[in-house]
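The values are calculated or read from the model by the stated rules, or taken from the named source; none is laboratory data. On a predicted model such as this, the values are computed, not experimentally measured, just so you know. As a convention, Cβ positions derive from the backbone with ideal geometry for all residues, glycine included, and neighbour counts pool all protein chains shown. Calculation scope for accessible area: heavy atoms of the full protein, side chains included, ligands and nucleic acids excluded. Shrake-Rupley method; radii C 1.70, N 1.55, O 1.52, S 1.80 Å.
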Amino acid sequence: VQNTLELTPTEQAELDAIRIAQLEMLQAVDEAIGGSATYGITGIMQHLRNLGIDDDTMVVYFADNGWHWGEHRYQAKNKPYDESIRSPMFIRYPKLAPLPRTEAKFALNVDFCPTFVDLTLRSTDPPPTIAFSGTSLVPLLDGTAENWRTDFLHEGWPASHVWASVRDSQWKYVELPVTPGDPGTAFERELYHLVSDPLELDNVASDPGNAQRIADMAARIRHLRPTWPDDSDPTIE
């Protein structure tokens, strides 16, 4: 899925325009959160302070996905690279995390729902009967998490190139079926050592020394997504 084509001047100009528009759009977010004396806006945080509930309110700042501003020669999201996968996440909740810190453990967007449910349940409420895809972040926030995920599944169904990948703290492995939906399909494979190659420029899947790692991570994909690659045809709902 690596794109090695050079960006044309037109494509570069489009990327520059998109980036400027995105930054201008975020000005409204800044004003909504922090307020604006120019426009007479009381920011969300100040409003919570005025109500006296700021320390009892969990504030989560998160984007839906990353975006390629020309990295890997792409102008898009929905790619298996970290520019698409990673999003900034900030959580303010002094009741569980009174001091600022950076958490290195993996948190996913599917963790939000179980987190909010966890915080709203009373001690007398029955446990939820819904099976969540994610995990409550409460133990991560209050420092009591013992067994936390060390990797996660990432997947995409663009019509041009379907993939499934698994990422841990040091490695990312990507499988792209040549014939999506065919259980016997061959794969294009990508493997990146994120410590020495954080920009994911050197695909080391063809290195014989990585054969066992690829086998282990391929098995991990199938553990996290048991129907892969049978379910990979993007034309079938």
### Message
For the chain, set up a GNM with springs between Cα atoms under 10 Å and report which of Ile85, Ile221, Ile20 has the largest fluctuation.
### Response
Ile20
### Query
How much of the accessible area of the chain, in percent, comes from carbon and sulfur atoms when a 1.4 Å probe is used?
55 percent
### Query
If you take the square roots of the eigenvalues of the alpha-carbon gyration tensor of the chain and sort them as a ≥ b ≥ c, do you get rounded (a/c under 1.5), prolate (a/b over b/c) or oblate?
oblate
### Query
Can you give the helix-only mean residue ellipticity at 222 nm for the chain, where every DSSP H stretch with n ≥ 4 adds -39500 (n - 2.57) and the sum goes over all residues, rounded to the nearest 500 deg cm²/dmol?
-8500 deg cm²/dmol
### Query
DSSP loop chymotrypsin sites (Phe, Trp or Tyr not before Pro) in segment 25-99 with at most 14 other Cβ atoms within 10 Å of their Cβ, which ones?
Tyr39, Trp69
### Query
If you place +1 on the Cβ of every Lys and Arg and -1 on the Cβ of every Asp and Glu, how big does the dipole about the Cα centre of the chain come out, in debye to the nearest 20?
580 debye
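On average, how much accessible surface per residue is there in segment 169-213, in Å², for a 1.4 Å probe, leaving out ligands, DNA and RNA?
The answer is 54 Å² per residue.
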### Task
Using R₀ = 25 Å, calculate the FRET efficiency as 1/(1 + (r/R₀)^6) where r is the Cβ-Cβ separation of Trp69 and Ala28; round to 0.05.
0.80
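Taking R0 as 30 Å, what FRET efficiency do you get between Glu146 and Arg189 from their Cβ-Cβ distance, rounded to the nearest 0.05? Could the numbers behind the result be given before it?
On the way: r = 34 Å, r/R0 = 1.13.
My answer for the efficiency is 0.35.
Just subtract the alpha-carbon distance of Ser206 and Phe116 from 0.36 nm times their residue separation and send over the number in nm, one decimal.
28.1 nm
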## Note on the structure
Among the DSSP H helices of the chain, those whose Cα atoms extend at least 30 Å along the helix axis and whose mean Kyte-Doolittle hydropathy is -1.0 or higher are 9-34
### trypsin sites (Lys or Arg not before Pro) restricted to DSSP loop in segment 1-105 with at most 15 other C-beta within 10 Å
Lys77, Arg86, Lys95, Arg101, Lys105
